[in-house]
C-alpha cells in the first residue's frame, strides 16, 4: 500500500513528501515497525516519531507547520489523527471472519431449538432445549447455553461462555470468554443460624450493541430481569448482581462490583474497581472515579462526578485529599500551640 | 391458580376481597405483571402496588388496616410478607429438574472411577482417574474434574467448572460456572532475583451445604487443606488463597479477596470487595463493611463490626469519616487563628 | 522413609535422637499428621510442635540448644527450615506427570498446525489453524486456542483456558484454569452518545517462566503487543488491560487491576486489589501495598514503597493514617479552644 492510497482512503487534506512511498503496516506510537505509518495526536511523541523507522506520519496541519525537518518522512495532514488511527485499524486489518453456515459436527443442540442457517457454531458447543439463535451470530467453541436461551442477530459469544436458562441476548452483542450470564443471584435468608437459599427464578436480558468482557458475572434476577441496556460496555471481571438495571450506553470498567437491585442511569462511567452496594440509584451521566464506593440505598443525582469511598463530589474529595496531606503537620502545630498531646479516646 | 389456593398454601390469616380471583404469576415489587400476586413488606411500595395491575397483594394486618380503598385487589393477610414471597417462589416456580440416571455419551470418565447410577453427567464433561461421584449429584456440561476428586450427594457443579486433583466436595454443594477449585496456591521463594515455585501439594475441602458463585477461585493448600466449612456462602469472583479456613455459615460477598493462611470464624460477613491480607484471623460473627482491608497477621475479636482500610470499629470509622469531611475548614480555621500556613514537610 | 534418609537428602548438619525412626509424611505446622516430619522456622510454633504427634522436627541449631526435653522426637539440625520444607515438598510428593506423546482422540486440531510429538493434549481441546505447540507442553481438557497461537516448550495450560488468535506463549509458562489471554482490549470512542468499538488488532506475548493463576484476563493490544515479561508471577482474578507491559520477575497479587498502556518495571510487587489507572509508569522494584491506587499517567520512581489511594510513600501514608486516628479529638480540641463549631462549607 502506498501513502497516497491511505491519503485517498482518509480523504485527507494534504500530502507533504513522497506520495508513492510504500507503507508496511500501521504502528502504535510506542512500538513502531520499520516502514510503517503512524498517527501523532500528541506533540510529546513528535520527536520519537521522527527518530523512528516509520515511513509516514499522520498529523494536524498546525503540528506540521511547526516542524523544520521532515527527515525524509512523508506527512499526511489530517485534522483528527486519533480518528485516522481508528479508521486505518479497520482499513488495514480485517476483522476475524467466521464461516457463517457452519455448525460443527461436535456441537450438540438439544430438541426443539430454532437455529438460523447463517450462523457459526463451533466445536463442543452445547445448546439446550428450546433455544433460538438468529442470523449472523457466532457461538465459539466450548460455549454452554442452557434451555430457552435466545441469542439475536450478529452477536458473538466467545469460547467457554455460559449462558443459563431463559436468558436473552439481543443483537450485535459481544460476550468475552468464560463470562457467565444468568448464574443464580446471591440471596439467602437466615433460619436458626443457617443461610437458606432464596430461589432465583428471573433471568438476564442483554440488549442490543452491548459488549461484555471476559470472566464477567451477570446474575439472574430473583424474579423479573437483570437488565443491561442498549449500548452498555462492560470490561473484564465485572460483577453485576441480581435485579440490577444498567442504563443505555454506560461504561463499566474492569473489576467494578454492583450489588443487588442497584440501578445505573444512562451514559454513566464507573471506573475500575468501583463498588456499588445494594439498592443504589445513580442518575444519568454520573461519573465515579476509580476505587470509589457507594453505600447501600444511596441516590446520586444525574451529572455528578464523584470520587472516594464513600463517594462524594470530586472537587470536594480532592480538597479533602489535599487537606489530609497536611494532617501530621496540622496536629503538630496544634499540639505545640496548645502545649498538649492529642490522643485518640478509646 | 386462585387466590384461595395461595391462601391455603401459606396457611395465611385472612382474605379480603374475591378469593376466586385468578393469579397469573408472582411478581417482584418493581416489575409487576398483569394479574399477578405481589408481596408488600415495606409501606413505601404500597401506593405503586395499588396502582399496578396486580390482582392480589400479600401484606401484614396492620398495613391492611391503614388502607381505605383496596381498588378491587384481593388482599391476603400474612404477618411476614417476605417469607411469603420466598415460599411462593418455591411453590410457583419449580426448580430445574435434571434427569438423574443420565450420563451423556460424550462424557469421558477415566479408569477406576466410582460413579453412582443416580447422577446426571452432561456433555463434554471430563472426569479423571479414581473419582467418586455420589447419588443425586449433577455435573453440568464442560466440567473438568482432575484425578482423585470426590463429589458427595445432591451437589450441583455448573458448566465449565474446573476441580483439580484430590479436592473434596461434600453434600448439597452448589458451584457456579467457570469457578476453579484447587488451582495451585500462589507461593514462591526468591533465588537470585527469580521467583521459584513452592510446590502446592495439598487440596481443597468444600463441606456440606456450601454455595459458591461463578468465576470464583479457591486455591489448594501448599500442604494440608484449604477448607470451606459447612454452610458457607461465597458470591461471584471471590479469591480464597491457599491454606485459608472459612468458618461455618459465613457469607463472603462478591470480589472479596482472602490471602494465604487466613482464618475466618463462623457466621462472619465479609461485604463486597473486602481484602484480607495473609495470616489474618477473624473471630466469629465478625462483620466487615464493603471495601474494608485488614493487614497481614491482624487478629480481630469475635462480634466486631468493622469498616475502613485498615478496618477499625465501625462507629469509630464513621466518626473519622465525619471528621474528615470538616478537614479543609479545620485547616483554614487553624491557619487563620495562628496566622500561618500549614505545609506538608517532605 | 527413615529420618536418616531425609537427613542425607538435605545434607543436614546433625541428628539428635533416633535416626531410624520412620516418617509417615511431611506436615504443615498447623495440621500435623501422626508420625510425620515438620519444619519449625518460627519459635512460636515450638511448643505445639513438641506436643504434636510428629515423629521428627527440622530446626536451627540455636533453636535446638534452647530446648531441654525433646519428648522422644528426633531432631534434624538444618540452618534454613523453610528451605528444608520446600525441598521436602519436592522430594516427598511427586509433581503431576502427564503422559507426553498423547493427543486425546477428542482433541480437534485445525489445518496447518505444527504440534510436537512429545506433548499432552487433553480431551475436548480445540486448536485453531496455523498453531504451533512445542515439546513437553501440556494442554489440559477444554482449552481453546484460536488461530495462529504459539505455545513454547514445557508449558502447562490448564483446563478451560482460552488463548485467542495470534497470542504467543513462550517456554515453561503455567496458565491456570479459565484464564483468558487475548480478549479484545476495552477501547471505544464516542459518536453521538454511542460508544463505537476501536478494533483491537494486536496480541499478547507471555515470556518464559511466567506463571498465571486462574480466571485471569490479559487483553490483546490495540496494535502491537501486551507483554508479560520473563519470570512474572500473576495470581488469580487479575486484570491486565491492552498494551500493558509488565517487567521481568514482577509479582502481581490477586485481584489487581492494571488499566490500558500502563508499564510496570522489573521486580515490582503489586499486593492484592491494587489498581493502576491507564498510562501509569512504575519504575523497577516498586512495592505497592494492598488496595493501593495510582491515578492516570502517574510515574513512580524505582525502589519506591507506596501505600494508599492515591498511593504515596508508605512511611508518609502511615503517618497520615496515625494522624487520621486522632482527627475527631483534634476537631474537638480546636472547637473548644476557639469556642466555635467547625462546619463543612457547601
Measuring label to label, 7 Å along Cα→Cβ, what does residue A:190 give against each other copy in nm, shortest first?
4.4, 4.4
What the Cα atoms of the range C:109-195 span along the principal axes, largest first and in whole Å, is 55, 26, 23
Counting partner chain Cβ atoms within 10 Å of every residue's Cβ in A:311-320, what's the average?
2
Exposure proxy check: C:63, C:179 ranked by fewest other beta carbons within 10 Å?
C:63, C:179
What does the average come to when, for each residue of peptide B:116-125, you count the partner chain Cβ atoms lying within 10 Å of its Cβ?
3
How big is the gap, in Å, between the Cα center of the range B:279-294 and the Cα center of the range A:306-338?
26 Å
Stokes-Einstein D for the range B:3-92 at 37 °C, 0.692 mPa s, Kirkwood Rh over Cα pairs, in µm²/s?
261 µm²/s
Take the range A:206-259, compute every pairwise Cα distance, and split them into 10 Å bins from 0; I just need the percent in each bin.
29, 61, 10
Is it possible to state the helix-based mean residue ellipticity at 222 nm for chain A, with each DSSP H run of 4+ residues giving -39500 (n - 2.57), the sum divided by total residues, to the nearest 500 deg cm²/dmol? What is it?
-4500 deg cm²/dmol
Report the Rg/Rh value for the range C:161-316, based on alpha-carbon coordinates and the Kirkwood definition of Rh.
0.98
Partner shielding of A:150-162, as the mean number of partner chain Cβ atoms within 10 Å, equals 4
Have a look at the range C:291-346 and give its Rg and Dmax from the Cα atoms, expressed in angstrom.
16.2, 48
Once each part is reduced to its C-alpha centroid, what is the distance from the range C:254-272 to the range A:24-86 in angstrom?
30 Å
Intensity falloff of the range A:245-346 expressed as log10 I(q)/I(0), Debye formula with alpha-carbon point scatterers, at q = 0.14, 0.20, 0.22 Å⁻¹:
-0.58, -0.88, -1.03
Could you give log10 I(q)/I(0) at q = 0.07, 0.11, 0.12 Å⁻¹ for chain B, computed by the Debye formula over C-alpha point scatterers of equal weight, without solvent?
-0.47, -0.92, -0.99
Give the Rg (one decimal place) followed by the Dmax (whole number) of the range C:54-176, computed from C-alpha coordinates and expressed in Å.
22.2, 71
Ranked packing of B:284-292, A:96-104, most packed first, by mean Cβ within 10 Å:
B:284-292, A:96-104
Order of B:27, A:48, C:178 - criterion: other Cβ atoms within 10 Å of each residue's Cβ, fewest first
A:48, B:27, C:178
Taking the Cα atoms of the protein assembly as shown, what is the range of coordinates along each of the three principal axes, in descending order and whole Å?
90, 85, 83
Could you give the semi-axes, largest first, of the ellipsoid that matches the range B:91-157, computed as the square roots of 5 times the alpha carbon gyration tensor eigenvalues and rounded to whole Å?
21, 12, 10
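Just so you know, all these numbers are worked out from the coordinates, no wet-lab data involved. Just so it is clear, the structure is predicted and the values come from calculations on it, not from any experiment. Neighbour counts run over all protein chains shown; Cβ positions are idealised from the backbone, glycine included.
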